[in-house]
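**Student:** Below are the structure tokens for one structure; questions will follow.
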Amino acid sequence: MFEHVHTSDPRELRSLRGEIRAFLAEELARGAFKPAPNSWMIHDREFSKRCAAAGFVGMILPTAFGGRGRTIVERHVVFEELLAAGAPVAAHWIADRQSAPQILRHGSEELKQRVLPRIAAGDCTFAIGMSEPDVGSDLASVKTRAEASDGGWRLYGTKLWTSNAQRADYMVALCRTGAPEPNRHSNLTQFLVDLRRPGVSVRPIQNINGDEDFCEVHFDGYHVPDSEVLGKPGDGWALVMRELVAERSGPDRFLSTYPVLARALAGSHPVPLRAAAEIGRLVVNLGALQAMSLSVATAAQSGHSPEIEAIIVKDAGTTFEQELPAVVRKALGIRPGRSTGDDLRDLLGTALLYAPSFSLRGGTREIIRGIIARAVISQ
Amino acid sequence: MTDSIALAEASIDRLLQRGTDRDQTGADLLSAGMFDVLLAEEQAFETAAALVKVAARHATDLPLSGPMMARWLADRAGLTGVPEVAGFALPGNPPTGWLERSDGRLVTAGYLQGVPDGPNGLVAVLPLDGAPWVVFIAKASGLGEAHDLAGQRHRSIVLDGLTIADGGAAPLPITASTPLVVAAFLTAAQLLGAMETCLTLSTRYAGERRQFGRPIAQFQAVQHLCARIAVGVATVRVAVTHAARALDRGGGVLEVAIAKSKASEIAEEIAAVAHQIHGAIGFTNEYPLGVFTRRLLSWRDEYGDETFWNGIVGTAAIRWSTQTWSHLVDAGPGTDDDLRAVLDNADLVP
């Protein structure tokens, strides 16, 4: 892994960073958002629409579908800046990161025409339809099933831990469309689900931070026309694996708690001199991860498929974003809280309560390490 | 990686695989120009890192990074009379050794610690009235010697009253902190090479060693240990490459700080995990793992350990305050200037 390290010259990315920072500074100045940890789970459709109007959504979609024709690296840089600022990007994040590329690659022409321009306009929220009540890490065992009927398919079953489903327009759902033969990866299919149509119901679930950001989604005969099937029926496993690569390698896998460090460095609580090395270690780790993650994006842009590299970034990145609030708490000697009126204490509290989710979502640490191990042991 | 760097890697790899006679291999490295790579106009640092990395993969005891530093600094400062293969030393901060003027000549004073052992004298960076100079010290008497964890011999040498030959000293023509930054960079590349061998040995052993009727690589607990080494190697590999390319663009202080900090920190984890995978055999001198883990545990402390470099970055970040993110990702000239200012005032024991 990383035998050939792809690097982007940071000097060439400065002007784009300047543009997105100017947009964010303006939003901050007029109080449109408050920097928060885990901000890619914070839903604000109006923010997403303004972000899109400024050219920062759908950047790598073809211009024919409202995209901007930018590069993978340019989009990556914008993702980094949005998360480093703690901006509320959930309304467009999943759609932009993984659903739009799936639809572009595997959707019908009609579907592309209908959905992609809305995604590029920041006015279309997607949910991820993978996990189920009895299906977490072992994704091939999904039980939600689709049965062929009336020029399409009918869906039965339940998806779980579906982030922002109650606010989303669509979900890409992985369903079983036949027996698990010749192997358990056979006969799975991805469907586009319009969460506003009949046959689907959504129940929000409160997390330990008190937020309702994930849901249970129940299908009771929801009808999918053939034009809303992604790829060929039965090919869903290959599709979902590709989708997971997009889900695992981005800046959202190491920047979730950066706003805590940014706030700690902003000076409201002085950093004791003896803590300089501990804080420095966080900055060093951030720099190392940013380089790795950008390297994956640069490799992808050069036509490579850096799957193991992406997974390595997720493993190292989630470890970092989990330890960041713990280190800040110890180094600065402050007590995390909720609605204390002290920004840093509140940010720390939120970050600490969200931290357990980082190494669960998008593949648990154990699953991720198993994949990495198999890659290096077989070499 | 460009072709020329791949070729350099392949070429030193061949030399070290073939080399059974230590003196002959040293002569081969010299005639192949391996000590001169930092003088190249393009990709000097990336090539140098590739060479010391491959040398460390082989655990050669031939010095490479020291002579590279000596050649480079002697050439940049325009020294004359320096042998083709010399040692290299820094006096720490505050410096334990320095230059003085005496009767119109330059003489050294103080002492140097942790000087690598070598017959040909050494190039050191010593202050003269507070300004750094590059100095060739042909011969000095030893105060004593010590061995590091890797088994490599170091000396402490007395500098008092050594007269420097004509052409043997000149002002350092580059920023004062650069020799430390480059030496730390090469050490990080060495650590990477030793880590790569630890990964190779560990995954191979896990695939071959059988217990309970199957290779231990089939146990999830062992797989996760292998994954930890792989993630560590990947992290250092990216950090060192980034540092190399940043140095080759004329910057690189931030990237080197990151690379050396991560390499030093991860050295400990990889050494421990590789031993855990190997069980008792890895703990013996009959098996090669210890050669590499002892180098990891030794080199991580050279030219600033992880706490030193974290402290440099942390001190700068506290000054950068809300601008820390942009300093980190934009890597502008101001970023390195700020780090150099912190470095110039940081205590460092060699």
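Derivation of every value follows stated rules applied to the coordinates shown; laboratory data play no part. Since we're looking at a predicted model, the values are computed, not measured. All Cβ positions, even for glycine, are placed from backbone atoms using ideal geometry, and neighbour counts span all protein chains on display.
**Student:** A 23 angstrom limit on the alpha carbon distance is what I want to check against. Which of A:K112/A:K232; B:K139/B:K260; A:K314/B:K53; A:K232/A:K314; A:K49/A:K112 exceed it? Don't jump to the answer; show the numbers that get you there.
**Tutor:** Values: A:K112/A:K232 16 Å; B:K139/B:K260 31 Å; A:K314/B:K53 26 Å; A:K232/A:K314 30 Å; A:K49/A:K112 19 Å.
In this structure, B:K139/B:K260; A:K314/B:K53; A:K232/A:K314 lie more than 23 Å apart at Cα.
**Student:** Mean-square fluctuation check for chain A, GNM, Cα pairs under 10 Å: which of A:A165, A:A238, A:A121 is largest?
**Tutor:** Of the options given, A:A238 has the highest mean-square fluctuation.
**Student:** Using Cα pairs under 8 angstrom and six or more residues apart, how large is the relative contact order of chain B, in percent? Kindly include the intermediate steps, with their values, before the conclusion.
**Tutor:** On the way: 600 pairs, mean separation 57.8, N = 350.
Reported as a whole number, the value is 17 percent.
**Student:** Give me the mean projected area, in nm² to one decimal, of the convex hull enclosing the Cα positions of chain A. If you can, show how the numbers build up before the last one.
**Tutor:** Numbers: hull surface 76.6 nm².
Mean projected area for chain A: 19.2 nm², to one decimal.
**Student:** Sort the following peptides by mean Cβ neighbour count (other Cβ atoms within 10 Å, averaged over residues), highest first: A:81-89, A:334-342.
**Tutor:** Working: A:81-89: 25.8, A:334-342: 13.4.
Top of the packing list down: A:81-89, A:334-342.
**Student:** Pairwise over distinct Cα atoms, reciprocal of the mean inverse distance: report the Kirkwood radius of the range A:206-282 in Å, one decimal place.
**Tutor:** 17.8
**Student:** Evaluate the charge dipole of chain B about its Cα centre and quote only its size in Debye, nearest 20, assuming +1 on the Cβ of each Lys and Arg and -1 on the Cβ of each Asp and Glu. The partial results should precede the final answer.
**Tutor:** Numbers: 27 positive and 39 negative charges, 213 e Å.
Roughly 1020 debye for chain B.
**Student:** Just how large is the dipole of the range A:137-198 about the Cα centre, in debye to the nearest 20, putting +1 at every Lys and Arg Cβ and -1 at every Asp and Glu Cβ? Write down the numbers at each step before the final one.
**Tutor:** Details: 9 positive and 6 negative charges, 36 e Å.
With only Lys, Arg, Asp and Glu charged at Cβ, the dipole is about 180 debye.
**Student:** Here's something else I'd like to know. To the nearest µm²/s, what D does Stokes-Einstein give for the range A:10-124 at 25 °C and 0.890 mPa s, using the Kirkwood radius over alpha carbon pairs as Rh?
**Tutor:** On the way: Rh = 14.2 Å.
Answer, rounded: 173 µm²/s.
**Student:** Where does each of A:M241, B:M68, A:M1 land when they are ranked from fewest to most other beta-carbon atoms within 10 angstrom?
**Tutor:** Fewest-to-most ranking of A:M241, B:M68, A:M1: A:M241, A:M1, B:M68.
**Student:** So how many Å³ per residue does the convex hull of the Cα atoms of the range A:236-379 work out to?
**Tutor:** Details: hull volume 18.3 nm³, N = 144.
Convex hull volume per residue, Cα atoms: 127 Å³.
**Student:** Local charge sum around A:R335 (other residues, Cβ-Cβ under 12 Å, Lys/Arg +1, Asp/Glu -1)? Intermediate values should be presented prior to the final figure.
**Tutor:** Values: positive: A:R329, A:K330, A:R338, A:R345; negative: A:D342, A:D346.
Here the count lands on +2.
**Student:** Per-residue HN-Hα couplings for the range A:36-51, Karplus 6.51 cos²θ - 1.76 cosθ + 1.60 at θ = phi - 60°, whole Hz, x for Gly and Pro?
**Tutor:** Coupling constants for the range A:36-51: 9, x, 6, 6, 7, 10, 9, 8, 8, 4, 5, 4, 4, 5, 5, 4 Hz.
**Student:** So for the pair B:H154, A:A22, with labels modelled 7 Å out along Cα→Cβ, what separation do we get in nm?
**Tutor:** Modelled inter-label distance: 5.2 nm.
**Student:** Rounded to a whole number of µm²/s, how large is the Stokes-Einstein D of the protein assembly as shown at 25 °C and 0.890 mPa s, given Rh as the Kirkwood radius over C-alpha pairs? Kindly include the intermediate steps, with their values, before the conclusion.
**Tutor:** Numbers: Rh = 27.6 Å.
The estimated diffusion coefficient comes to 89 µm²/s.
**Student:** Starting from 0.36 nm per residue, how many nanometres of slack lie between A:D343 and A:R196 once their C-alpha separation is accounted for? Each step should come with its number before you reach the end.
**Tutor:** Details: separation 147, 0.36 × 147 = 52.92 nm, distance 3.71 nm.
49.2 nm is the gain from fully extending A:D343 to A:R196.
**Student:** For the range B:76-174, rounded, prolate or oblate, judged on the Cα gyration tensor with a ≥ b ≥ c (square roots of eigenvalues), a/c < 1.5 rounded, else prolate if a/b > b/c?
**Tutor:** Working: a/c = 1.70, a/b = 1.48, b/c = 1.15.
Prolate.
**Student:** Shape call for the range B:1-62 from the C-alpha gyration tensor, a ≥ b ≥ c root eigenvalues: rounded (a/c under 1.5), prolate (a/b greater than b/c) or oblate? Please list the in-between numbers first.
**Tutor:** Details: a/c = 2.05, a/b = 1.61, b/c = 1.27.
Here the range B:1-62 falls in the prolate category.
**Student:** Return an integer: the convex hull volume of the alpha-carbon atoms of chain B, in Å³ per residue. Could the numbers behind the result be given before it?
**Tutor:** On the way: hull volume 49.0 nm³, N = 350.
So the per-residue Cα hull volume is 140 Å³.
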